Amino acid sequence: SRGKPPAERPDMIRIHYIKHPWHGPDFWTGMLFIEGPETHFLVDTAVKEAVDTTIADFLRKRNIPWKSISKIINTHSHSDHVEGNSRLRELTGAEFSIHRNGAEEFRAISGFRPDRELEDGCILEQDGISVRIIHTPGHSADSVCIFEPETGTLFSGDSVQAQGSPNIGLALYADPEAYCKSMRKLRRLCETDNVQRLILGHPERPSCGELAGKQEISAFLELSEQTVQEYCRVTDDFLRENPEGGHEQLRDRLLQLCGGIAAPAWPELSYYTAAAHLKHAGR
């Protein structure tokens, strides 16, 4: 009938952004659920309590059985992205994978070794679903993005930080140089591939965790690199004034000049970025 949307093909890939509320009402850990015609992939597993609450509710509403999840991919080995692994191992019997740089931390948190260690450019596919792994170190050495080409969806986990989330106040990364290289790598991907949607692991400013269209995505990636460059300038000025200054003082300066928020609710993680800049400066 007129105005009725076309029916979805039975073989169509569907992308779902699952948000588990965490550390306040406006912050979450995001997961990607790739729903295929016969099987499903889950990217990241959030924290322990997410499995029997947020993920279970999502599956129940769609009448999707646990055992239909055949692959679980972790974007990196930080606890808020892998803590659900152990419980999901019991419920799904899925194949678990992570970049090889995060395999030991994966084992320490999950209690078992990953079934597959990922490399840049490798393809994971099954029953009509195919995703490409893009190694994007910077936030951590094992960070990867997941690209699903049929829908043009790029899931970045914590690889893309822009100006950081409100509760931390700063973009969060361990290696500023590697991070910038990864942002440029993703911008090249946007130029050559059908990237139509970028989904983040958290609500990084200035976004709600999701961006659409090549222009908007490319601008967000460029902002991510520009943010690092701004932090580098502040760090250089700080060290000229305070040659022996520590990461606590630098963190305060970065928050004051670049944080965009007066009192972040979870500020201690921003020390991580300040320490990374001092290390990069040879301190």
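Going by what's in this entry, would Glu204 be described as within 26 Å of Asp80 (Cα to Cα) and more than 21 Å from the chain's Cα centre (by Cα)? No: the conditions fail for Glu204.
Would you confirm whether any residue within segment 37-44 is open to solvent by less than 40 Å² (accessible area, probe 1.4 Å), farther than 21 Å from Gly93 by Cβ and assigned to a loop (DSSP other than H, G, I, E, B)? Spell out how you get there, then give the answer.
Residues of segment 37-44 that are open to solvent by less than 40 Å² (accessible area, probe 1.4 Å), as a first pass: 39-44.
Checking the rest, the ones that are also farther than 21 Å from Gly93 by Cβ come to none.
Within segment 37-44 (the criterion being open to solvent by less than 40 Å² (accessible area, probe 1.4 Å), farther than 21 Å from Gly93 by Cβ and assigned to a loop (DSSP other than H, G, I, E, B)), the answer is no, since none of the residues qualifies.
The set of residues in segment 45-69 that are farther than 15 Å from Leu91 by Cα and open to solvent by less than 80 Å² (accessible area, probe 1.4 Å) comprises Ala46, Val47. Taken residue by residue, segment 114-122 has at least one member that is touching a Phe, Trp or Tyr at 6+ places or on another chain (Cβ under 8 Å), surrounded by fewer than 17 Cβ atoms within 10 Å (Cβ to Cβ) and outside any helix (DSSP H, G or I). Can you confirm whether segment 44-59 contains a residue that is in contact with a Phe, Trp or Tyr (Cβ under 6 Å, 6 or more places away or on another chain) and touching a residue at least 40 places away in the same chain (Cβ under 8 Å)? No, segment 44-59 has no match at all.
Taking Tyr271 as the residue in question, decide whether it is in contact with an Asp or Glu (Cβ under 9 Å, 6 or more places away or on another chain), modelled with pLDDT under 95 and either among the hydrophobic types (A, V, I, L, M, F, W, C) or surrounded by 15 or more Cβ atoms within 10 Å (Cβ to Cβ) (or both).
Values: in contact with an Asp or Glu (Cβ under 9 Å, 6 or more places away or on another chain): yes; modelled with pLDDT under 95: yes; either among the hydrophobic types (A, V, I, L, M, F, W, C) or surrounded by 15 or more Cβ atoms within 10 Å (Cβ to Cβ) (or both): yes.
In short, yes.
Selection over segment 230-268 of residues that are open to solvent by 70 Å² or more (accessible area, probe 1.4 Å), touching a helix residue (DSSP H, G or I) at 6+ places or on another chain (Cβ under 8 Å) and either without any contact (Cβ under 8 Å) to a residue 12 or more places away in the chain or more than 29 Å from Lys185 (Cβ to Cβ) (or both) gives a count of 2. Answer yes if at least one residue in segment 149-166 is open to solvent by 60 Å² or more (accessible area, probe 1.4 Å) and within 21 Å of Lys48 (Cβ to Cβ), and no otherwise. No, segment 149-166 contains no residue that is open to solvent by 60 Å² or more (accessible area, probe 1.4 Å) and within 21 Å of Lys48 (Cβ to Cβ).
The values are calculated or read from the model by the stated rules, or taken from the named source; none is laboratory data. Keep in mind that what you see is a predicted model, and the values were worked out from it rather than measured. Cβ: placed from backbone, ideal geometry, glycine included. Neighbour counts: every protein chain shown. Protein only, heavy atoms only, side chains kept; ligands, DNA and RNA dropped before computing areas. Shrake-Rupley method; radii C 1.70, N 1.55, O 1.52, S 1.80 Å.
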